[in-house]
Amino acid sequence: MRVQANAKFIRIAPRKTRLVVDAVRGLDVSEAINRLSVINKRASTPITKVIKSALANAEHNFNCKKENLFVSEIRVDDGPAFSRWMPKAFGRATPLLKKTSHLRVVLEEKIPSEQKQETQKKIKTAQENKRISDKKVETSVTDNKKEFVDKELLDSEKELPVDVRSMGKHRNNQNQDHKNKKSKGIFKKMFQRKSGM
């Protein structure tokens, strides 16, 4: 079971955040949180929050246990950079980029629980049965016998939809008149070349 949590626009540069992220990748959740509490970097606080958020998602939504989860994927992407400037010598102003980062954490189970596998199998079989029953439609015949026919065959026998808007004489005549008219616009009349000269 994959559970994820995201944090966007963290006001720390991605290069600095990746240093902390690399120390946590692949660890158990409890061990990762303990290690982040010891790391003396500013990026450790938001990373801890995101891991705890993913853990809460797993426990609340999927009834996963904390002991069975580990950090399978943790990724830092570049966010937008705020452009600022810094005064330098001789009245110059040099550009500064205040970079931001997007953080994504994915937790997975070490040992997938059997109960979840069984429920997933039940859901898949139910979906397949529903798909098969939707494909076949019950139709009655004159002998009161019931036959099952594919929906695709029934759909092919139906007539194609007809555009009603173009059917009336009045509307069709208007369209034909509009196509036959070759009206020159006001600009074409104004800038028309004089062929007599």
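The values are calculated or read from the model by the stated rules, or taken from the named source; none is laboratory data. Keep in mind it's a predicted model, so treat the numbers as computed, not measured. Note that we place each Cβ from the backbone using ideal geometry, even for glycine, and neighbour counts take in every protein chain shown.
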If a residue has to be surrounded by 11 or more Cβ atoms within 10 Å (Cβ to Cβ) and in a strand (DSSP E or B) to count, how many in the stretch 61-83 make the cut?
11
Among the listed residues 5, 32, 58, identify the single one that is at pLDDT below 95, outside any loop (DSSP other than H, G, I, E, B) and of a type in the set (A, V, I, L, M).
58
Does residue 45 satisfy being more than 30 Å from residue 113 (Cβ to Cβ), among the polar types (S, T, N, Q) and in contact (Cβ under 8 Å) with a residue 12 or more places away in the chain?
no
Every residue from the stretch 16-42 that is farther than 18 Å from residue 3 by Cα and in contact (Cβ under 8 Å) with a residue 40 or more places away in the chain:
17, 18
Could you run through the stretch 8-26 and say how many residues are more than 16 Å from residue 106 (Cα to Cα) and in a strand (DSSP E or B)?
2
Quick check on residue 108: is it part of a strand (DSSP E or B), under 29 Å from residue 47 (Cα atoms) and at pLDDT below 95?
yes
